[in-house]
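Asks: Structure incoming, see below.
The values are calculated or read from the model by the stated rules, or taken from the named source; none is laboratory data. Keep in mind the model is a prediction, meaning the values are calculated, not measured. Virtual Cβ from ideal backbone geometry, glycine too; neighbours counted across all protein chains shown.
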Amino acid sequence: MPVMVQTQPVAAAPASAAASNQRLMSVDALRGFDMFWIIGADSLVAALNRMTQTAPTKFLANQLDHAEWQGFHFYDLIFPLFVFLAGVSIVFSLTKTIEQAGRPEAVKRVIRRGVLLFLIGIFYYGGFTNPWPDMRLMGVLNRIALAYLFAGLLFCFFKPRALLTICAGLLVGYWGFMTFVPIRDIQLTKGNVAQLARQSGDTETAAYFERNDSTNASTIKNSPAWAGAQKLYYATTAVVSGKYDKGYNLSDHIDFQYLPGKKWDTFSDPEGLLSTIPAVATCLLGIFAGLLLRSTTVEDRRKVNYLLFAGIAAAALGWLWNFQFPVVKKIWTSSFVLVAGGYSFILLALFFLVVDVWKRRSWCQPLLWIGMNSITIYLAKNIITGGFRTVAARFVGGDVKSFFDTHIAAGLGDLMVAVVGLLLAFWLVHFLYRKKIFLRL
């Protein structure tokens, strides 16, 4: 299992930051910026929008919610950015390990970390709290673990040009699978399954999926509703291809047939089996960025330009590909990889420029606290029922919240709870940073 260890925080990078084997401060700051929105900043914006309902707050609130299916919001960047940064870190950590201890030791490290993070992911979603099949095997941490594992192993054995070919092959190959492999002509959504069940005379299955409060059928052992959906699925003999709608694509259908345990969206999972393939490509994009940053032959300001160029080019190519292969986070389409990767390159360029080239660092210190304990704060948010907002309500909930709402401004109570929750999260990561306690896998 992971352990809490005391160690020295990462030192400030030297002038030629990439020439060092140390982790870049800009990478930790960007990781902290990424996690900042998860641990409470999104709730802060949502509370502010409920309070004021202005055009800017509505825009921000919309951007801090996932696109329903096709499209891209800022909130859709948070997950792939973390995977991208895992790839950046691979370059610095594994290069040092290979140089000092050899490739076999690096391989063992990758496997150990990947397995431990996967197990932490199972724990994050409840572990053995509920009886099988109410256990989620594929989630956010699990996807990060698999992307890190496979990208890390590829980094250990292949040179950059080969990695670039592999990355392109993963994206094109996934597109080929999704576009040309035939699937049964049935859309696996609760509404459509309910309609088909009623048409076939299976009123019990129809009624189950028509209810908004019905339990996720994939979590119930020997569920009649799940059996009814399977019967409809396998009774469908017509096939189609090139479909990318919700529940009507190869990735979702593979999850329905082969992914055991709890599926987050009942019939499929946004972190499912087939869509893990392009997630590895996301991590490889981070590796390319890490290789550039670590290079000793490229001047730092030119690195910024290269990162910006790569970001603009990748995002543009992704949006062009969107016309044929839509940008969809829930099935991690190849176009989504390029769009999210492009924005990740751009953000990394900006952080690297400000933090490691211009050395303007005082503003990002709180982000460093988060970035250097990102897994810790992510787990803490999950273990604390309801997150930091629940703890915050003990201080400014109840009558205190009502006072703010009634006597100062409607909605201010929710805003205060969100602010205090965010401050509590910052207090925790600052405490860990000050005590030099970091979660190491």
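Asks: Across region 42-67, what is the number of residues that are polar (S, T, N, Q), surrounded by fewer than 17 Cβ atoms within 10 Å (Cβ to Cβ) and over 24 Å from the mean Cα position of the chain (by Cα)?
Replies: Here the count works out to 3.
Asks: Return the residues of region 394-441 that are in a helix (DSSP H, G or I), charged (D, E, K, R) and touching a residue at least 24 places away in the same chain (Cβ under 8 Å); say none if nothing qualifies. Don't jump to the end; show me each part of the working.
Replies: Of the residues in region 394-441, the ones in a helix (DSSP H, G or I) are 394-396, 398-408, 412-434.
Imposing the further condition that a residue be charged (D, E, K, R) reduces the set to 394, 399, 401, 405, 414, 434.
Asp414, the sole residue that qualifies.
Asks: Restricting attention to region 370-377, does a residue exist that is touching a residue at least 40 places away in the same chain (Cβ under 8 Å) and outside any helix (DSSP H, G or I)?
Replies: Filtering region 370-377 down to residues touching a residue at least 40 places away in the same chain (Cβ under 8 Å) leaves 370-377.
Now restrict to residues that are outside any helix (DSSP H, G or I): 372-373.
Yes.
Asks: A further question on this structure: Out of all the residues in region 172-190, which are touching a residue at least 60 places away in the same chain (Cβ under 8 Å) and within 18 Å of Ala281 (Cβ to Cβ)? Before the answer, list the steps.
Replies: If we filter region 172-190 for residues that are touching a residue at least 60 places away in the same chain (Cβ under 8 Å), which is where we start, we get 172-175, 177-181, 183-184, 186-190.
Of everything in region 172-190, those that are touching a residue at least 60 places away in the same chain (Cβ under 8 Å) and within 18 Å of Ala281 (Cβ to Cβ) turn out to be Val172, Gly173, Tyr174, Trp175, Phe177, Met178, Thr179.
Asks: If Phe351 passes every condition in (1) in contact (Cβ under 8 Å) with a residue 60 or more places away in the chain; (2) out of contact with any Leu (no Cβ under 6 Å at 6 or more places or on another chain); (3) closer than 23 Å to Lys303 by Cβ; (4) among the hydrophobic types (A, V, I, L, M, F, W, C) but one, which one does it miss?
Replies: All conditions pass for Phe351, except number (2).
Asks: What pairs can you find where one residue is in region 53-75 and over 23 Å from Ala409 (Cα atoms) and part of a helix (DSSP H, G or I), the other is modelled with pLDDT under 95 and acidic (Asp, Glu), and their Cβ atoms are less than 8 Å apart, with a gap of 6+ or different chains?
Replies: Tyr75/Asp42; Tyr75/Asp65
Listed here are the residues, each with its yes/no results for (1) closer than 17 Å to Trp332 by Cβ; (2) of a type in the set (Phe, Trp, Tyr); (3) assigned to a helix (DSSP H, G or I).
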site	(1), (2), (3)
Phe118	no, yes, yes
Pro131	no, no, no
Met135	no, no, no
Leu149	yes, no, yes
Phe155	no, yes, yes
Ala162	no, no, yes
Thr165	no, no, yes
Val172	yes, no, yes
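Asks: Something else about it: Looking at Ser251, is it buried (at least 20 other Cβ atoms within 10 Å of the Cβ), touching a residue at least 40 places away in the same chain (Cβ under 8 Å) and more than 30 Å from Gln324 (Cα to Cα)?
Replies: No; evaluated as a whole, the condition is false for this residue.
Asks: Restricting attention to region 356-392, report how many residues are exposed (fewer than 14 other Cβ atoms within 10 Å of the Cβ) and small (Gly, Ala, Ser).
Replies: Of the residues in region 356-392, 2 are exposed (fewer than 14 other Cβ atoms within 10 Å of the Cβ) and small (Gly, Ala, Ser).
Asks: OK, next. Scan region 78-95 and tell me whether some residue there is surrounded by fewer than 19 Cβ atoms within 10 Å (Cβ to Cβ), aliphatic (A, V, I, L, M) and over 19 Å from the mean Cα position of the chain (by Cα).
Replies: No, region 78-95 contains no residue that is surrounded by fewer than 19 Cβ atoms within 10 Å (Cβ to Cβ), aliphatic (A, V, I, L, M) and over 19 Å from the mean Cα position of the chain (by Cα).
Asks: Of everything in region 126-149 that's crowded, with 16+ Cβ neighbours inside 10 Å and free of Cβ contacts under 8 Å to residues at least 40 places away in the same chain, which residue is farthest from Trp226 (Cα to Cα)? Walk me through how you get there before you give the answer.
Replies: Our first condition is that a residue be crowded, with 16+ Cβ neighbours inside 10 Å; within region 126-149, this holds for 133-149.
From what is left, the residues that are free of Cβ contacts under 8 Å to residues at least 40 places away in the same chain are 145, 149.
Details: Ala145: 29, Leu149: 33 Å.
Out of the qualifying residues, it is Leu149.
Asks: Among the residues of region 322-346 satisfying the criterion of being touching a residue at least 60 places away in the same chain (Cβ under 8 Å) and among the small types (Gly, Ala, Ser), which is surrounded by the fewest Cβ atoms within 10 Å (Cβ to Cβ)?
Replies: Top of the filtered list is Ser334.
Asks: Does at least one position in region 100-111 carry a residue that is surrounded by fewer than 17 Cβ atoms within 10 Å (Cβ to Cβ) and either under 26 Å from Asn382 (Cβ atoms) or within 19 Å of the chain's Cα centre (by Cα) (or both)?
Replies: Within region 100-111, the subset surrounded by fewer than 17 Cβ atoms within 10 Å (Cβ to Cβ) is 100-105, 108, 111.
The next check asks that each one be either under 26 Å from Asn382 (Cβ atoms) or within 19 Å of the chain's Cα centre (by Cα) (or both); those that pass are 111.
Yes, some residue in region 100-111 is surrounded by fewer than 17 Cβ atoms within 10 Å (Cβ to Cβ) and either under 26 Å from Asn382 (Cβ atoms) or within 19 Å of the chain's Cα centre (by Cα) (or both).
Asks: Let me ask another. Looking at region 293-303, which of its residues are surrounded by fewer than 21 Cβ atoms within 10 Å (Cβ to Cβ) and either assigned to a helix (DSSP H, G or I) or β-branched (Val, Ile, Thr) (or both)? Break it down stepwise before answering.
Replies: So in region 293-303, the residues surrounded by fewer than 21 Cβ atoms within 10 Å (Cβ to Cβ) come out as 294-302.
Passing the criteria: Arg294, Thr296, Thr297, Val298, Asp300, Arg301, Arg302.
Asks: So how many residues does region 378-393 have that are in a helix (DSSP H, G or I) and more than 16 Å from Ala41 (Cβ to Cβ)?
Replies: Filtering region 378-393 for residues in a helix (DSSP H, G or I) gives 378-383, 388-393.
Applying the additional criterion that residues be more than 16 Å from Ala41 (Cβ to Cβ) yields 379, 382-383, 390-391, 393.
Residues meeting the conditions: 6.
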